[in-house]
Amino acid sequence: MNETAAHAQSQTVPAQAHTGQQHPIRLYLFVWGLLFVLSAFSYMVDYLGIQGYLRWTLILVFMMLKAGLIVAVFMHMAWERLALVYSILLPPLLVLVFVALMVSEADYTIFTRVAFFGAAP
């Protein structure tokens with residue numbers, strides 16, 4: 001009898017495995033609300049007249065938070081295997097690191113030219 005129950009259970013597991021993921025609609029509505037609030041904060045930065053580095057820092061922070069929510073929830077990265085997440089998110093992150101290195105080297109190059117040649121670009 002135990003063998004029959006194990007056989008019946010092994011037949012029902014694959015049927016349940018192919019049903020797909022079902023997430024509650026409440027989660028999606030909550031994320032839409034958060035995206036709306038973050039967008040409102042981003043627009044408030046312009047409305048309040050914040051200037052300089054603080055303005056750009058706040059805008060970039062709100063933009064990254066919104067992008068992270070979209071990728072995690074609407075692209076289902078929060079529920080994917082770690083290898084898939086790394087294969088999708090790691091290459092753009094590495095590109096950003098290389099861009100930051102190039103910006104740093106460009107600043108060093110312009111500083112060196114100004115220091116040794118004496119002319120501003």
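Just so it is clear, none of the values below were taken in a lab; they were calculated from the coordinates. Values in this document were obtained by computation on a predicted structure and should not be read as measured data. Cβ coordinates were reconstructed from backbone atoms using ideal geometry, including for glycine residues, and neighbour counts include every protein chain displayed.
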- Task: Would you please report the Å³ per residue occupied by the convex hull of the alpha carbon atoms in the range 32-121?
- Result: 116
- What length, rounded to one decimal in nm, is gained on full extension from Leu34 through to Met77, with 0.36 nm per residue of separation minus their alpha-carbon distance? 13.7 nm
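Starting from the range 40-121, pick out the trypsin sites (Lys or Arg not before Pro) whose DSSP state is loop and whose Cβ has at most 11 other Cβ atoms within 10 Å. Mind showing how you got there, number by number?
Details: sites: Arg55, Lys66, Arg81, Arg113; in loops: Arg81.
Sites meeting the loop and neighbour criteria: Arg81.
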- Message: Taking θ = phi - 60°, what integer Hz values does the Karplus form 6.51 cos²θ - 1.76 cosθ + 1.60 yield along the range 85-94, in sequence order, with x for Gly and Pro?
- Response: 4, 5, 6, 9, 8, 5, x, x, 5, 5
